[in-house]
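Heads up: the structure comes next, in structure tokens.
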Amino acid sequence: MLVPFSLLVIAFSFIIVEPLQEIEKGIQEFPSRLLFFIIDPIFIIFIIILFSVGLIFLIIFKYKLHREYKRVEITKKEIKESPSPKTRKIYSEENEDEEINGKDPEEDIEDEESCESLPLENYQRSVNIKVNSNKRYFHKKDISKDEVKFLLAEGYQIKKYKNLLNCRMENFLLQPRHNESLTHLFLTHNISEFLEKEGIETELFTTKKPDIVFEIRGKGFAIEIETGSIFSKISRMKEKLEVLKSYDKWFFVVTDRNKVKKYKKYGDAVGKRYVKSRLDKFVKLVKKSQK
């Protein structure tokens, strides 16, 4: 029983010895074969071609990136150097004390929408711009895209506010004076626009007089838009109150709801959220007088 098994083992050893020798030979020759493959001219040429193609693509990419960067820089420079109006529209006589209407940006300013602007001269050559850049207040939906870009190049900003005319959020293009906030500019013009639409003629002032003045049934009314900055100088508040008291009816529209109570100590005041209901009372008063 043991003899046949031994013969089987010997026979199996003879069978596998040759494959094992081949494997051992292959392992011993692997380094030399690998070296031969690496120094093979075809392999070297392939590596050189692959590297060259990659280098060419890298050079092209960097060139395009550099050109785009230069184009953006040139555009920014042209916009910065484009002329902007030095004059501002005044709705009544000017006074040296423009600071009386100084407004600081309020805390709850609405979201801003950005829009790319291009050099002014491009528009003058190719399109017809019908807007007056001195107006300082535009409904974005009422003007063309080219006019929007023109106004942005002139220093306007796009801001979203609730329009009193339809109680909907809307984008406006605004250009406040150097001492005026965007919200003060918007409310002054939007309130005036609302009243004018209802047949109430208004006057806007940038002097010591109230921001908005109008007349109903022979009585004078005044509206003063405030952000709270006036409390830094009590003397200014006293001067303003003296002017307001010369009108039959007046009130403050306060942009910062946290300061409404503070203004109520000096007179009638309402937050900007509730200005629409106050204006509706004036409209009813006008309609009543027409009956």
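Scanning the range 263-291 for residues being modelled with pLDDT of 90 or more and in a loop (DSSP other than H, G, I, E, B) gives a total of 4. When the range 205-221 is filtered for residues that are of a type in the set (A, V, I, L, M) and in contact with a helix residue (DSSP H, G or I) (Cβ under 6 Å, 6 or more places away or on another chain), the ones remaining, listed by number, are Ile212, Ile216. In summary, Ile143 fulfils each of the numbered conditions (1) closer than 19 Å to Tyr263 by Cα; (2) under 27 Å from the mean Cα position of the chain (by Cα); (3) aliphatic (A, V, I, L, M) with the single exception of condition (1).
Does the range 195-229 hold any residues that are part of a loop (DSSP other than H, G, I, E, B), small (Gly, Ala, Ser) and touching a residue at least 40 places away in the same chain (Cβ under 8 Å), and which are they? Within the range 195-229, Gly199, Gly228 qualify. Can we say Ile143 is more than 23 Å from Glu224 (Cβ to Cβ) and among the β-branched types (Val, Ile, Thr)? Judged against the criteria, Ile143 is a match.
Would you check which residues across the range 206-225 are within 36 Å of the chain's Cα centre (by Cα) and of a type in the set (Asp, Glu) and list them? Correct list: Asp211, Glu224. Scanning the range 137-149 for residues that are under 30 Å from Arg71 (Cβ atoms), modelled with pLDDT of 95 or more and in a strand (DSSP E or B) turns up at least one hit. For the range 127-144, the condition holds for at least one residue, the condition being that it is buried (at least 16 other Cβ atoms within 10 Å of the Cβ), basic (Lys, Arg) and closer than 23 Å to Ile223 by Cβ. When you look at Leu182, is it among the hydrophobic types (A, V, I, L, M, F, W, C), within 25 Å of Lys160 (Cα to Cα) and either in the same structural domain as Ser133 (by TED's automatic domain parsing) or touching a Cys at 6+ places or on another chain (Cβ under 6 Å) (or both), yes or no? Yes.
For the range 129-140, the set of residues classified as out of contact with any Asp or Glu (no Cβ under 7 Å at 6 or more places or on another chain) and closer than 17 Å to Glu170 by Cβ consists of Lys135, Arg136, Tyr137, Phe138, Lys140, listed by residue number. Cβ separations smaller than 9 Å between residues 6+ apart or across chains give the following pairs from the range 42-67 residues that are part of a helix (DSSP H, G or I) to residues that are at pLDDT below 90 and among the hydrophobic types (A, V, I, L, M, F, W, C): Phe43/Phe37; Ile44/Ile38. Taking each residue of the range 153-167 that is in the same structural domain as His139 (by TED's automatic domain parsing) and looking for partners that are among the hydroxyl-bearing types (Ser, Thr, Tyr) with beta-carbon atoms closer than 6 Å, six or more apart or interchain, yields Ala153/Ser82; Ala153/Ser117; Glu154/Ser84; Glu154/Ser133; Gly155/Ser84. Just one of (1) in a helix (DSSP H, G or I); (2) within 34 Å of the chain's Cα centre (by Cα); (3) farther than 25 Å from Cys167 by Cβ trips up Val260, so point out which. Here Val260 clears every test but (3).
Residue count for the range 201-224, restricted to those that are at pLDDT 95 or above and β-branched (Val, Ile, Thr): 4.
The values are calculated or read from the model by the stated rules, or taken from the named source; none is laboratory data. This one's a predicted model, so the numbers in the text were calculated from it and none came from an experiment. With ideal geometry, Cβ positions are generated from the backbone for all residues, glycine too; neighbour counts draw on all protein chains shown.
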